Amino acid sequence: MVQLTYDDSSPPSTPDSRDRSALDGGHPSTTPVGPPPGSMPSTTPAGPPPSSVFGSSAAGPSGATGRVLFGGPKPTNKFGTGGFGAGTTGSSRFPPGTGTTFGAVRPIDSSPPQVEVEDDAEGEEDEDDYSYDSEEEHDEADMMEDDADMMDEYEDEPEQPTQNTFQSSAFNEFAQSHPSKKPATRAHAMHGIAKGIAARTSAMDLEESDTLILETEKILSGMCDALTEERFASEPEEDPVLQAAIQLRRLYEKEITGVDKADDAQGPGPGEGAEPLAKAEFIASLLLGVHIPCQTDNKDVSDATNPFAMSRFGAEQQRDREIPIPKVLLNWLNLNHDSSYRDLNEVLAEENGYSAADNFWDVIFSSLFKGKFDVVIQLLKGANLSRAATALQDGLDEPGYHGVQLKNAQLAINEAIVLLQTCPALESGDWDVKGNEWMLFRRRVEDVKADLEVFAEGKSQDHEDDEDELYGLKNKSGDFNLSTRSRHAESQVPWTVYECLKDMYNQLLGNPEDLLKSAYDWVEAVVGLTVWWDGDDHPIEKDAGLSASRRSYSRHQKTRTVDITPGIAYRQRLASSLDYVMTQEDAELAMNKTSSLEVAIASIFDGDISAAVVIIQKWSIVIAAAVAEIASAGEWLEDDASKRGMQAFDQDDLMVLGISPEEATESMKDEILCEYARLLCMKETLRRSKSRQTTEGWEIGLQVLGRLDNTNTARTKIEELIARLDVASASRCDKLLDLCAGMGLTGQAHHVAEKYADSLTENSSNYGDAIFYYARAHNTKKLRNVLDLLISLCLVQSTSYPPISELDPRLKDFILKPQETLSDISQADFDAAQMLATCLSGYAALRNFYDLRDAEILSGGTELQKPKMKPLERKRAAATALVALVESAGDSIHGGLYDPEVEVVVQVDGLLTLLGEALPFVNQPTRYLTLPQTFSILRALEDLSTVGSRIYNQCEECFQSALANAYGAEPPSPRNILRKSVSALTASSQFSLVGSEMLVASGTGSGSGVASTEGSGVLVQAPGGIKRGWDWRKGLKKDAKGMDVMKMLRLALSEEVGRAWAGGEQ
């Protein structure tokens, strides 16, 4: 025997609506036909009826005879010797060998030892009294024929359509006659109540665990990605919304299991005093379960050691299929709102038989109500009616039945056990209560119930009522009458047992009255009316179980809502059940409208999802946001009626009403996500448990905003978020770029990259990062601005700048590993990689020229490896690199006309300085320039000599800065130049390489010949400290002009051409 122990703190009790446990005869009975015989004075002539009223030998220890008191013809009885319930459909109804033989109680497998029944002559005589006759055989044949006909009809019935056959004519007919929307108005509308409760509740801060937040975001972002991919997939493999719901349930089970619930919880769920997170998870589990029946039944309360569990048959088989909504509701009810577990524990504690407990039948009704067929069968098997407490209610002097009373009662109990064992939930794990298997089971229940009535009373209730009216015995006021008393006296089964079994069968048939009797509160009542619904489209009414079940036999003649769209049908049934329960006058079924938990549950039952989400938001905005996104993706989240009405107004109408278009179109989901993102941005970092990796709060907030339905609102909110962020590090900038790219926010990504690059030019000399982020911003002008500055500094100092030892990591990669670096960048931004490849070529070529020139001198240090080329080969390679630079700088002034539209990698401002760099390659014993190279330099020289004065003056300024640097002057701070040039750059301006600020000669400087280094991030090394292979400026005077160099170079190049022609070179 299973023994469970619970604390003694004011346990909730099963409602005693049937008053089964009242042993005092002074308590009025509420059984359908009136009080039991022992509860009121006898109306027989000689006083109370004898104790052998049930045909048993229970008169006392003397063992008085126990024949049937009432003579006359034996009633036509379908029991017969073939067993209770075997007379209607024969052996086809139950498995072979499951029938019981009347008069000899057959022990049920796994049942406790049966009570010995006195085997006297009268028992044998009773056995003879109930033999089969030919009329019963005829009835049985008729019933078997009916069953066969019914099964033939169902075999011919076409296969039920799935939810994908919405365009069928049957569905179109159904859609017109059965709208899927719930009624627009209800007398108990929850939306206003929910809003009132939410308004009185202070908003919660973001107190959920970091793991819960991060895992929730991972699930929801994955769902959105899958939905996006699904649009382009020809055959999607699985439903992303369903998978997200499954993952959320698993997450909540794992992360919220340890959250404390209220110790004094009296109502549904964890109680009003519980932690907000526990209440939010409680409501969310119901909401998701009703709308998205999970395919993986991880939260099934089934357990072989748990007597409160539902049937655990087929747990493995059900993992790969959708769980019917009845089972979802029962799982939720048993896990979160099991009101009978303490009563069940008390019953199981009875050592001499479970029926000795006063609340034995109440526990059976409650267990059956919650689908715990295993528990009900266990209780019935171990009932031991010889100790039954209900015997006192039936007029006996002590608990327990004996003799024929016990035998007949045990026979009825055994038939109930056999019937329950054929329940589809036990046989095959089938909880599709609306389906064919359950329809057949309900018919068996009706048959067994009818057999019980015939066996107990001898004839049908209708016939008895007709006879009462015929003889004038029926009391129109409904009070207890002679006929009712005689029925009690004639009953072959103890009256209380008989009535309890009938109520149990009525409950299986979905009779609303009996279901409400077994419900602990209104929540259980609504769930029960929905779970045990047969699926027919008929209103809920009292005593509807039998008639509704009969109507279901011909359901193939009419298309039912539940067969086409079961989810919609069951949600409609929940709303109808709520309507029905709310109209009851029973105080125990009244809803506490001040309880946020009960209002949220009622909102879900009523189909008002937005009202439930409003309440969840006050407990946990993380769970509220998740539910809102799931509901929105599943298209079952409706906004307020006021917002739905706004969609009918155009922009002019909204302007008259003083409402912005954003306010009119913003959904409830967007409102929740905006608030959630705001709270996330207030958290500095988040970290999963047992992980060292951290995530900044704004990262999650940005992802949340990226999933808003209103793109305008999303863009505005993201811009506001980015504007508030301090992009002070490359890592934060990279995160922002990745997030924006992932969400398709290209404009925001460009803004972030440009903003960070500007901060670098303002506050550092990190040229590599500035170049990279301007490229990521796709800002070509600012990118060229930085590179042109670096080129100017190289030309002015006639060396590579910055030196290799002072390169920042990113610029060093650009110079030393260009292909690998650009390839990595192209993975994230192909356009940026192309831009860098083009713009960096001029700067890289100039550095290559200086590196070739200085390779022999620098080979003894650690900066460069020993040159692989010989001196002559290296000098000719340097000449080739220089000629390419000259050609690029002169491309924009062909023919002496400046064309700003020509894209060059080296600005024309440095052309005169580059021509100066060519002086060491002419007038040398060995020729370093080929004839085509000579002509290229001559062409650039002639173009420069004929260009306009503005362009020439810029070239002259750069030339003078380089010459002054050779005589001791230094350029000003590169960072200052870069900051001023970038800040002054506009869309229409053209960058000038150096300008007047670069021209700081020793004679016009501060007097010391050294420029100020204030604000410099990188100090430019003094001229004397730079080692060069040669310096073209050494042979020029301090006051030399650019025109002088041009004359010298023109003459030298002419001689080079003559030497080439003299040597036969063409």
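The values are calculated or read from the model by the stated rules, or taken from the named source; none is laboratory data. What you are looking at is a predicted structure, and each value in this text was computed from that prediction instead of being measured. Heads up, the Cβs are rebuilt from the backbone with ideal geometry, glycines too, and the neighbour counts pull from every protein chain shown. The area values use the complete protein model at the heavy-atom level, side chains included, leaving out ligands, DNA and RNA. Shrake-Rupley method; radii C 1.70, N 1.55, O 1.52, S 1.80 Å.
Miscellaneous remarks
- Qualifying positions in region 1023-1043 - within 16 Å of Ala940 (Cα to Cα) and open to solvent by 10 Å² or more (accessible area, probe 1.4 Å): Met1043
- The lone exception for Tyr471 - which of (1) open to solvent by 30 Å² or more (accessible area, probe 1.4 Å); (2) modelled with pLDDT of 50 or more; (3) among the aromatic types (Phe, Trp, Tyr) it fails: (2)
- Where Pro932 falls short, out of the listed (1) crowded, with 21+ Cβ neighbours inside 10 Å; (2) over 60 Å from the mean Cα position of the chain (by Cα); (3) part of a helix (DSSP H, G or I): (1)
- Test for Ala677: is it part of a helix (DSSP H, G or I) and within 22 Å of the chain's Cα centre (by Cα): yes
- Flag for Ser620 being within 31 Å of the chain's Cα centre (by Cα), among the polar types (S, T, N, Q), at pLDDT 90 or above and open to solvent by less than 10 Å² (accessible area, probe 1.4 Å): yes
- Inter-residue pairs, beta-carbon under 6 Å, first among the hydrophobic types (A, V, I, L, M, F, W, C) and in region 205-223, second open to solvent by 30 Å² or more (accessible area, probe 1.4 Å) and not in a helix (DSSP H, G or I), 6+ apart: Leu214/Arg688
- Against the list (1) assigned to a helix (DSSP H, G or I); (2) at pLDDT 80 or above; (3) surrounded by 11 or more Cβ atoms within 10 Å (Cβ to Cβ), the condition Ala198 fails is (2).
- Failed item in (1) within 24 Å of Glu754 (Cβ to Cβ); (2) among the acidic types (Asp, Glu); (3) part of a loop (DSSP other than H, G, I, E, B), with Glu719 passing the rest: (3)
- Verdict on Gly535 being within 30 Å of Leu335 (Cα to Cα), at pLDDT 85 or above and open to solvent by 10 Å² or more (accessible area, probe 1.4 Å): no
- Residues that are among the hydrophobic types (A, V, I, L, M, F, W, C) and within 28 Å of the chain's Cα centre (by Cα) within region 717-748 comprise Ile718, Leu721, Ile722, Leu736, Leu737, Leu739, Cys740, Ala741, Met743, Leu745, listed in sequence order.
- Test: residue in region 406-421 that is under 24 Å from Pro268 (Cβ atoms), of a type in the set (S, T, N, Q) and touching an Asp or Glu at 6+ places or on another chain (Cβ under 9 Å): no
- Spans of helices (runs of 4 or more DSSP H) in region 756-870 with at least 3 residues open to solvent by 60 Å² or more (accessible area, probe 1.4 Å) and over 20 Å from Lys735 (Cβ atoms): 830-858
- Flag for Gln703 being polar (S, T, N, Q), at pLDDT 70 or above and either more than 23 Å from Gln617 (Cβ to Cβ) or open to solvent by less than 20 Å² (accessible area, probe 1.4 Å) (or both): no
- Condition check for Ala728: in a loop (DSSP other than H, G, I, E, B) and not polar (S, T, N, Q): yes
- Pair list, Cβ under 8 Å, 6 or more apart: region 846-858 residue basic (Lys, Arg), other residue open to solvent by 10 Å² or more (accessible area, probe 1.4 Å) and not in a helix (DSSP H, G or I): Arg847/Ser800; Arg853/Arg1028; Arg853/Gly1029; Arg853/Trp1030
- Residue check, Val886 in a loop (DSSP other than H, G, I, E, B) and closer than 30 Å to Leu816 by Cβ: no
- Count - residues of region 686-716 that are in a loop (DSSP other than H, G, I, E, B) and touching an Asp or Glu at 6+ places or on another chain (Cβ under 9 Å): 6
- Any chance Ala714 is within 32 Å of the chain's Cα centre (by Cα), closer than 26 Å to Ser632 by Cβ and either of a type in the set (Val, Ile, Thr) or open to solvent by 30 Å² or more (accessible area, probe 1.4 Å) (or both): no
- Taking region 1050-1062 as the range and being out of contact with any helix residue (DSSP H, G or I) (no Cβ under 7 Å at 6 or more places or on another chain) and open to solvent by 70 Å² or more (accessible area, probe 1.4 Å) as the test, the residues that pass are Leu1051, Glu1055, Arg1059, Trp1061, Ala1062.
- Taking helices (runs of 4 or more DSSP H) as the structural unit, those lying wholly within region 326-385 and holding at least 1 residues that are over 36 Å from the mean Cα position of the chain (by Cα) and over 16 Å from Gln410 (Cα atoms) correspond to 341-348, 360-369.
- Test result for Ala770, touching a Ser or Thr at 6+ places or on another chain (Cβ under 7 Å), under 20 Å from Pro818 (Cα atoms), at pLDDT 90 or above and not polar (S, T, N, Q): yes
- Pairs meeting the criteria (first residue in region 669-692 and farther than 15 Å from Ser620 by Cβ, second residue among the acidic types (Asp, Glu) and assigned to a helix (DSSP H, G or I), beta carbons under 8 Å, at least 6 apart or on different chains) are Lys669/Glu629; Leu686/Asp210; Arg687/Asp210; Arg688/Asp210; Arg688/Glu215; Ser689/Asp210.
- For the condition modelled with pLDDT of 90 or more and among the charged types (D, E, K, R), Asp652 does not qualify.
- Failed condition for Asp709, given (1) among the acidic types (Asp, Glu); (2) surrounded by fewer than 19 Cβ atoms within 10 Å (Cβ to Cβ); (3) more than 22 Å from the chain's Cα centre (by Cα): (3)
- Filtering region 209-239 to residues that are open to solvent by less than 60 Å² (accessible area, probe 1.4 Å), modelled with pLDDT of 90 or more and out of contact with any strand residue (DSSP E or B) (no Cβ under 7 Å at 6 or more places or on another chain) leaves Ser209, Thr211, Leu212, Glu215, Thr216, Glu217, Ile219, Leu220, Ser221, Gly222, Met223, Cys224.
Quick grid of which residues meet (1) touching an Asp or Glu at 6+ places or on another chain (Cβ under 9 Å); (2) within 23 Å of Lys875 (Cβ to Cβ); (3) at pLDDT 65 or above:
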{"position": "Leu931", "(1), (2), (3)": "yes, yes, yes"}
{"position": "Arg939", "(1), (2), (3)": "yes, yes, yes"}
{"position": "Ser945", "(1), (2), (3)": "no, no, yes"}
{"position": "Met998", "(1), (2), (3)": "yes, no, no"}
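- Residue selected from region 266-292 under the condition among the acidic types (Asp, Glu) and in a loop (DSSP other than H, G, I, E, B), by the criterion nearest to Ile609 (Cα to Cα): Glu272
- Condition check for Phe921: aromatic (Phe, Trp, Tyr), out of contact with any strand residue (DSSP E or B) (no Cβ under 8 Å at 6 or more places or on another chain), open to solvent by less than 40 Å² (accessible area, probe 1.4 Å) and at negative phi: yes
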